[in-house]
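Student: What follows is a structure written as structure tokens; I'll ask about it next.
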Amino acid sequence: MEQDPNCIFCRIVRGEIPSRKVYEDADVLAFHDIQPVAPVHLLVIPKAHVASLYDVAPAHEAVLGRIMAIAGRLARDHGADDGFRAIVNTGRVGRQEVMHVHVHLIGGGEPLGPMIARKGH
Ligand code: 5GP
Ligand code: ZN
């Protein structure tokens, strides 16, 4: 499986950096975000290193589909049973900080703010 020795999330996959895991299978890992922005804030990642959505290849279709397929169950099981948001920040404009594809699952509290703040709203 492709790995990047210096990538934080690859290091979490390898167990070199501790994380609070909530789900793991052969291809996917989910864990609590270290700086949660809501009562439920999980990160779901492919175990293989894929830097961003720009770098996704046909070989990644199955694992990305699996991530979306388990998102609702993971969110609900961790207390976000009244809605949540799944976010994939990408690149500079998307303000992606960790260059290993991850889906944020955010919820569990009051309704979130607007996805993008609009002037005058
Ligand atoms: P991004 O801005 O790239 O979409 O989000 C990266 C997320 O990774 C942030 O929410 C940040 O709190 C989280 N994060 C960064 N480093 C670590 C870490 O070492 N462990 C965990 N669990 N989360 C991390
Ligand atoms: Zn990585």
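Student: Tell me the mean residue ellipticity at 222 nm calculated for the chain from its helices only (DSSP H runs of n ≥ 4, each -39500 (n - 2.57), averaged over every residue, nearest 500).
Tutor: -6000 deg cm²/dmol
Student: Can you tell me the alpha carbon radius of gyration of the chain divided by the globular rule-of-thumb value 2.2 N^0.38 Å?
Tutor: Taking N as the residue count of the chain, the ratio is 1.06.
Student: Loop-only check: which GluC sites (Glu not before Pro) in the range 1-88 are DSSP coil with at most 11 other Cβ within 10 angstrom?
Tutor: For GluC sites (Glu not before Pro) across the range 1-88 that sit outside H, G, I, E and B with at most 11 neighbouring Cβ atoms in 10 Å, the list reads Glu2, Glu16.
Student: Still on this structure, please answer the following. Using a Gaussian network model on the chain with a 10 Å cutoff between Cα atoms, which of Val103, Val37, Val63 fluctuates the most?
Tutor: Checking each option, the largest mean-square fluctuation is seen for Val37.
Student: Rounded to the nearest 20 Debye, what is the dipole magnitude of the range 16-121 about its Cα centre when Lys and Arg each give +1 and Asp and Glu each give -1 at the C-beta?
Tutor: 380
Student: Let me ask you something else. May I ask you to evaluate 6.51 cos²θ - 1.76 cosθ + 1.60, the Karplus curve with θ = phi - 60°, for each residue of the range 42-59 and list the ³J(HN,Hα) values in order in whole Hz, giving x for glycine and proline?
Tutor: Per residue, the Karplus-derived 3J(HN,Hα) values read 10, 10, 10, 10, x, 5, 6, 6, 10, 5, 7, 4, 5, 9, 5, 10, x, 5 Hz.
Student: Take each of the peptides 40-46, 71-77, average the number of other beta-carbon atoms within 10 Å over its residues, and list them starting from the highest.
Tutor: The densest-packed peptide leads the list: 40-46, 71-77.
A short reminder: the numbers here are calculations on the coordinates, not readings from a lab. If you're wondering where the values come from, they're calculated on a predicted model, not measured in any experiment. Please note: Cβ atoms are built from the backbone with ideal geometry, for glycine as well, and neighbour counts cover all protein chains shown.
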